[in-house]
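Input: a single structure, listed below in structure tokens.
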Amino acid sequence: LVPVRVFRVKGVEISVSLFERMKEICVARNTSVPQLLVFGSLDEDPDYAGELVSLVSGLGVQDDVVFLDGVPLSSHKDGAGRWRLDEVDLLRLCRASGGAILFTPSTRGVESVGLGPALAAIAEVPCAISDYACFEDIYGGESSYVRMKGKQATTEAAVELLALMEKNARGDLRVRELLRSEKKKVMHSFDPEPWRLLIRKMTLAVTPFERS
């Protein structure tokens with residue numbers, strides 16, 4: 001999964017390049033090739049989207065990359081009877097199928113937090129990231145995330161991520177424990193209780209007006 005919108009700073013092209021190397025390795029090993037699901041729509045930034053489509057075609061992964069055209073708030077069937085999955089169900093699908101998350105912003109100082117690694121932690125799946133400024137401030141320096149630093153790291157990251165995916169899929173105890181540890185850290189950093197309290201206060205503040 002690539003849980004970002006299709007804008008240049010989100011670096012979807014980096015995810016596509018990483019995925020192409022993963023596919024190449026899978027084909028060489030005669031193992032199944034995953035699909036790359038990009039959350040965003042190609043209509044959001046037409047110029048960048050055109051470059052992205054050309055890259056996908058040029059790398060020969062056009063049959064393996066799916067642009068989801070946005071992710072709905074809740075899963076449902078569209079007018080053509082096709083399922084549109086929400087973020088939660090996409091994460092469940094990722095976990096059940098032995099998948100991973102790619103989060104690869106192309107500009108170090110743009111992403112304020114970057115929820116891709118947090119989503120990976122919550123779903124307990126591996127994650128590969130490009131280098132961005134505040135990652136360690138939020139997620140720490142020691143983690144199971146595959147770190148990409150420079151274009152030369154693409155092959156190494158592809159090999160490392162595929163190894164984590166394979167081990168996680170077969171229940172490797174060490175990898176599972178690493179992923180559970182990431183989840184604990186993220187749940188501590190993104191404690192939902194303050195948000196629950198805020199929503200309760202807002203509800204109490206609004207309710208009297210609704211009753212009147």
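The values are calculated or read from the model by the stated rules, or taken from the named source; none is laboratory data. Owing to the predicted nature of the structure, the values given are computational and were not obtained by experimental measurement. Note that each Cβ is placed from the backbone with ideal geometry, even for glycine, and that neighbours are counted across all protein chains shown. Calculation scope for accessible area: heavy atoms of the full protein, side chains included, ligands and nucleic acids excluded. Shrake-Rupley method; radii C 1.70, N 1.55, O 1.52, S 1.80 Å.
Details
- Failed item in (1) touching a Gly at 6+ places or on another chain (Cβ under 8 Å); (2) open to solvent by 80 Å² or more (accessible area, probe 1.4 Å); (3) over 18 Å from VAL2 (Cβ atoms), with ARG82 passing the rest: (1)
- Top-ranked residue in region 176-198 [being among the acidic types (Asp, Glu), free of Cβ contacts under 8 Å to residues at least 60 places away in the same chain and in a helix (DSSP H, G or I); ranked as nearest to ALA100 (Cα to Cα)]: GLU177
- Top-ranked residue of region 24-40 - restricted to ones that are without any contact (Cβ under 8 Å) to a residue 40 or more places away in the chain and aliphatic (A, V, I, L, M), ranked as surrounded by the fewest Cβ atoms within 10 Å (Cβ to Cβ): ALA28
- Matching option when the condition is open to solvent by 60 Å² or more (accessible area, probe 1.4 Å), among the acidic types (Asp, Glu) and in a loop (DSSP other than H, G, I, E, B), among ASP43, ASP47: ASP43
- Taking the criterion of being exposed (fewer than 14 other Cβ atoms within 10 Å of the Cβ) and either in a strand (DSSP E or B) or in contact (Cβ under 8 Å) with a residue 60 or more places away in the chain (or both), the only residue of region 58-69 that qualifies is VAL66.
- The single condition among (1) of a type outside the set (Gly, Ala, Ser); (2) in contact with a helix residue (DSSP H, G or I) (Cβ under 8 Å, 6 or more places away or on another chain); (3) assigned to a loop (DSSP other than H, G, I, E, B) that ARG147 does not meet is (3).
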